[in-house]
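Accompanying notes for the structure given below.
The values are calculated or read from the model by the stated rules, or taken from the named source; none is laboratory data. As the structure is a computational prediction, the values presented were derived from the model and not from experiment. No Cβ is skipped: glycine too gets one built from the backbone with ideal geometry, and neighbour counts run over all protein chains shown. Accessible surface areas use protein heavy atoms only, side chains included; no ligands, DNA or RNA. Shrake-Rupley method; radii C 1.70, N 1.55, O 1.52, S 1.80 Å.
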Amino acid sequence: MEELFIEEVLLFILYLIAISYLIGLTMIWFIVMMDKERKSIYHIPKHVSGGDKPSINDINKRDDSSTFINLQGQEVDMVDEVFSISKPKVKRKKLISKNQENVSNMSAYEINQYLKRFGIKSKLTDEQKGTLLVEYLDGTEIGNLRKLYSEGEFELLKKYGEARINIHPNEIVPHLILVRTYFKMKKYEDCISQCNSILSFEPNYLDAFRFIARSHRATGMNEKAAIMFKKLAELAWDDIDSRFSLMKHYWNKKEYIIAQRYIEELLQLAPDEIRYHVYSGRILQRLQEFEKAIDRWNILLALDPDNIEALLGLGQSYYAFAEPDRGLKFLLIA
């Protein structure tokens, strides 16, 4: 009897818990349904001009000014793009130039003197001259010159670069930026002239000789280019660019003995550089120094066991060295 009574009490407690749970769910449902601000996931926004619900066709016909964004069927990256486009653009605050404040404190005489130093003669009003001076002070800053170069604004760069050089004639950076600008614009005469300006106050400046040589080479004046590259090589014992250019110059002229001299210097500077070994092997073969060529190709194979140039070079050199069987072996491997 006691056991039966305990079971009835437990069942009654469980019954009360179930009833409380159902009442709780009912209350939550009732509160949600009574909330006027609640919107279904299928909610369609009303027209501003009227109270009727729009049709599906009306929604599809909405123009780009609508806030509705249909993301159905789009890839994730496309969805991100849509959201990024839909974000309102924040207007950037125009920063007041630090030079503007300085210029505003100058007299008309001081402004005119500054403009003359920039090489500018103008009949503008004093206010316009002040604005022009601020433009040049901002434009001629080194950071801006670099920015103009990276953005390819070469005409503006030329304008501001030359203006800065008028004030700082022996400052190397604006000269170099203009040198690279003229070379990139293929204005080789201007590039050479700018390099000569550098050499007038820095007689041994390496990049000045380098760009004079490159400009001569670009215009087909290879002998003049070689003279400049030789000068550069004499000034800098470790300059790879000048030696490689000279090696190619004499290679093209089929003057292989001189070419080999420069390739040996390059191999001393960069003993693991593959292309120098390739050129050395080719030059030695053309000089018919096949034993030295075989040594060079073997060194290259030690650096790069699957190098086709080395395998072909060994095959050709062994054939020329009267060892056709060994030559065939390397050609088959290649």
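Does W237 meet the test of being modelled with pLDDT under 95 and not polar (S, T, N, Q)?
Values: modelled with pLDDT under 95: yes; not polar (S, T, N, Q): yes.
Judged against the criteria, W237 is a match.
Could you tell me which numbered condition D306 fails, if it satisfies all but one of (1) closer than 24 Å to G327 by Cα; (2) part of a helix (DSSP H, G or I); (3) of a type outside the set (F, W, Y)?
(2)
Looking at the structure I just gave you, is I257 open to solvent by less than 40 Å² (accessible area, probe 1.4 Å) and of a type in the set (V, I, T)?
Details: open to solvent by less than 40 Å² (accessible area, probe 1.4 Å): no; of a type in the set (V, I, T): yes.
So I257 fails the test.
In segment 104-121, which residues are part of a loop (DSSP other than H, G, I, E, B), open to solvent by 40 Å² or more (accessible area, probe 1.4 Å) and either under 20 Å from G161 (Cα atoms) or touching a Phe, Trp or Tyr at 6+ places or on another chain (Cβ under 7 Å) (or both)? I'd like the intermediate steps shown before the answer.
Just the residues of segment 104-121 that are part of a loop (DSSP other than H, G, I, E, B), to begin with: 105-107, 118-121.
Still in the running and open to solvent by 40 Å² or more (accessible area, probe 1.4 Å): 105-107, 119, 121.
Of everything in segment 104-121, those that are part of a loop (DSSP other than H, G, I, E, B), open to solvent by 40 Å² or more (accessible area, probe 1.4 Å) and either under 20 Å from G161 (Cα atoms) or touching a Phe, Trp or Tyr at 6+ places or on another chain (Cβ under 7 Å) (or both) turn out to be G119, K121.
Kindly provide the set of residues from segment 116-130 that are over 15 Å from T140 (Cβ atoms) and among the aliphatic types (A, V, I, L, M), ordered by number. Can you show your working first?
At the first step, the residues of segment 116-130 found to be over 15 Å from T140 (Cβ atoms) are 121-130.
Once the filter is applied, which keeps residues that are over 15 Å from T140 (Cβ atoms) and among the aliphatic types (A, V, I, L, M), segment 116-130 yields only L124.
Under 6 Å by Cβ, and 6 or more places apart or on different chains, what pairs join a residue from segment 126-150 that is farther than 16 Å from L176 by Cβ and without any contact (Cβ under 8 Å) to a residue 60 or more places away in the chain with one that is open to solvent by less than 50 Å² (accessible area, probe 1.4 Å) and not in a helix (DSSP H, G or I)?
The qualifying pairs are V134/S97; Y136/F118; D138/S97.
Looking only at segment 306-320, decide whether some residue is closer than 21 Å to S245 by Cα, of a type outside the set (D, E) and surrounded by fewer than 17 Cβ atoms within 10 Å (Cβ to Cβ).
To start, the set of residues in segment 306-320 that are closer than 21 Å to S245 by Cα comprises none.
No, that holds for no residue.
So which residues in segment 237-253 are among the charged types (D, E, K, R), within 13 Å of A225 (Cα to Cα) and in contact (Cβ under 8 Å) with a residue 24 or more places away in the chain?
First pass over segment 237-253, keeping only residues among the charged types (D, E, K, R): 238-239, 241, 243, 248, 253.
Filter once more, keeping what is within 13 Å of A225 (Cα to Cα): 241, 243, 248.
Residues satisfying the conditions are D241, R243.
Please find, among D190, D138, the residue that is at pLDDT below 95, part of a helix (DSSP H, G or I), of a type in the set (D, E) and surrounded by 14 or more Cβ atoms within 10 Å (Cβ to Cβ). It would help to see each step written out before you state the result.
Numbers: D190 fails: at pLDDT below 95.
So the residue among D190, D138 that is at pLDDT below 95, part of a helix (DSSP H, G or I), of a type in the set (D, E) and surrounded by 14 or more Cβ atoms within 10 Å (Cβ to Cβ) is D138.
Give me a count of the residues in segment 264-303 that are surrounded by 14 or more Cβ atoms within 10 Å (Cβ to Cβ), outside any helix (DSSP H, G or I) and charged (D, E, K, R).
2
Within segment 302-328, how many residues are more than 24 Å from P271 (Cβ to Cβ) and acidic (D, E)? Spell out the reasoning first.
Within segment 302-328, the first condition is being more than 24 Å from P271 (Cβ to Cβ), and the residues that meet it are 315, 318-328.
Those still in the list that are acidic (D, E) too: 323, 325.
Selection size over segment 302-328: 2.
Taking Q288 as meeting all but one of (1) within 14 Å of A226 (Cβ to Cβ); (2) over 35 Å from the mean Cα position of the chain (by Cα), write down the number of the exception.
Against the list (1) within 14 Å of A226 (Cβ to Cβ); (2) over 35 Å from the mean Cα position of the chain (by Cα), Q288 comes up short only on (1).
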